[in-house]
1. If I ignore ligands, DNA and RNA and count only protein heavy atoms, how much of residue 339 is accessible to a 1.4 Å probe, in Å² to the nearest 10?
2. Can you tell me the FRET efficiency between residue 464 and residue 278 if r is taken as the Cβ-Cβ distance and R0 is 56 Å, rounded to the nearest 0.05?
3. Using amide H atoms built 1.01 Å from N in the peptide plane, name the residues 5+ places from residue 251, or on other chains, whose amide H lies under 5 Å from its own.
4. Highest mean first, how do 131-144, 148-161, 355-368, 451-464 rank when packing is the count of other Cβ atoms within 10 Å averaged over residues?
5. From the residues 517, 20, 274, which one has its Cα farthest along the dipole of the chain in the positive direction, the dipole being from +1 and -1 charges on Cβ of Lys/Arg and Asp/Glu about the Cα centre?
6. How far apart, in nanometres, would the label points at residue 114 and residue 143 be if each is projected 7 angstrom from Cα along the Cα-to-Cβ direction?
7. Which angle from 0 to 90°, rounded to the nearest 10, does the C-alpha axis of helix 381-401 make with the longest principal axis of the chain?
8. Hey, rough spin-label estimate for residue 98 and residue 366, points 7 angstrom out along Cα→Cβ, what's it come to in nanometres?
Amino acid sequence: MSDKYYITTPIYYPSGTWHLGTCYTTVICDALARFKRLEGKDVFYLTGTDEHGQKIEKKAQEAGISPKQFVDKQVDGLIKVWDMLNISYDKFIRTTDDYHEQAVQKIFRRLYDQGDIYKGYYEGWYCTSCESFFTDTQLVDGKCPDCGREVNRTKEESYFFRLSKYQDRLIQLIEENEEFLQPKSRRNEMLNNFLKKGLEDIAVSRTSFTWGVPVDFDPKHVVYVWIDALTNYITALGYGSDDTTLFDRYWPADLHLMGKEIVRFHSIIWPAMLMALDIPLPKQVYGHGWLLLGGDKMSKSKGNVIGPMELVERYGVDAVRYFLLREVPFGSDGSYTNRSLLTRINVDLANDLGNLVSRSVAMVLKYFDGVVPSVDKVEDIDNDLISIANDMFATVKDYMDKLDAPSALVEIWKLVQRANKYIDETMPWTLAKEGDTSRLATVMYNLIESIRMVAVLLRAYMVETPDKIFDSIGVPEQLRGFDSMTFGTMPAGYSVVKCPPLFPRIDIDKDLMEIEG
Ligand code: MSP
């Protein structure tokens, strides 16, 4: 059986509106999942929703409906966003799913029975927005250190998880296994700001509200929402149920990807829980940076950020996916502005990629009646193009192994840009005028073959464009895979057809007026 690859996004709070930042983790995971599938791996890509907790209960109260009615509506909305972005998840877990709730209860009871959970009394601060507990000293100016919002004083009977017991093993794990927590900046942060300062046991149940998984042996308690949520990574695979086939096949996770603000939960609490349950640890936890939604001009008329659905409707799914994958240097933060999105579309997609395809196809139609000619007269100048094309796959794969989609795309664009330059250098129109059909044939073949190789790799990042390109340059199914990444694999003789503009050029100022009001 082929290699397995289990990749997860965090499960989303279905509490607010979806903005482009929300889509960031999911789109990166999607590109990784698609890439690994194209490599022939047996991929399991999990996402879902984190539906319990005080925040959701409050929102539902404000809306005047039950928490379940509230989350059902919200989850429908989120699934529409994922469908629109063509997210290829293999499973969508909801923490209100029966099988998940039952497994959470079993896990909680087991940890209690073996002494890793004990009953006590919690007094401290709680940030409802982050669903996090804080001590006096952790607050920053009396506010939540993570999101800056107001925190509430909480005093309630609570069960505690013996996190302190796992401190030494966690330090050892993070210090000795570099791959476990990435990037390096997050490793240092976890070690210095949390682990080495000393871990305290954490409260893992609440009694001041009811929207959560009840502790079955003490039902006035509900399980703390983060404990409930983190277990999704194993309950989704059937852990704690009668059918553990998926768990046996896919666990441990190859990658938990998330934003940097929740690395603490994934690299400290989650591995400690797994250690307590005697379950192997995930291979990697990666905390990416944020898409900063700066720019007060954005959607001024509405006073909020422009939604992903609106952007997809306007500019197409691949433009939005490309922007998310390309714009933020991986691991760091990056800014979204409407102008930066439109500029990427015009420069990278319409000019570089779109023009390359339309110009090349138009020339094959004009000079060779639409039939891709065979290589006839080779010149030195061809070698540069061919070697960039031949080296591209290994480099892109290398970047994807490091989860660095932006650099992978830069690498693919090197070929796109080289091919455009190749047109300028070889001047096919002059070759045609001079009647040098042999040389013209070679140039056309090299262009179409380069475009094919670009489109094969783009299948990991884009969901409509690669097929449009394949259809236009006549690439059969068997030449669309990663096993065809050697230059010259496509034989001559296939027919091209005119390709409608892949990414129509945008009048940026006019569009900005329209979307920003
Ligand atoms: N429910 C928790 C996760 C529990 S996992 C066991 C949660 N949910 S969330 O909805 O707030 O965030 C989901 C993902 O979206 C996280 O990876 C988060 O970092 C990401 N993003 C939300 N806004 C973002 C940006 N503006 N930029 C990049 N990613 C961001 O946390």
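The values are calculated or read from the model by the stated rules, or taken from the named source; none is laboratory data. Keep in mind it's a predicted model, so treat the numbers as computed, not measured. Neighbour counts are summed over all protein chains in view; Cβ atoms, including those assigned to glycine, are modelled from backbone coordinates with ideal geometry. These area figures cover heavy atoms from the full protein model, side chains too; ligands, DNA and RNA do not enter into them. Shrake-Rupley method; radii C 1.70, N 1.55, O 1.52, S 1.80 Å.
1. Residue 339 exposes around 120 Å² with every protein chain in place.
2. Details: r = 45 Å, r/R0 = 0.81.
Step by step, r from the Cβ atoms, then E = 0.80.
3. Under 5 Å from the amide H of residue 251: no residue qualifies.
4. Working: 131-144: 14.2, 148-161: 15.9, 355-368: 19.5, 451-464: 22.8.
The packing order, highest mean first, is 451-464, 355-368, 148-161, 131-144.
5. Projecting each Cα onto the dipole axis, the largest value belongs to 517.
6. Going from the residue 114 label point to the residue 143 one covers 4.1 nm.
7. 10
8. 6.6
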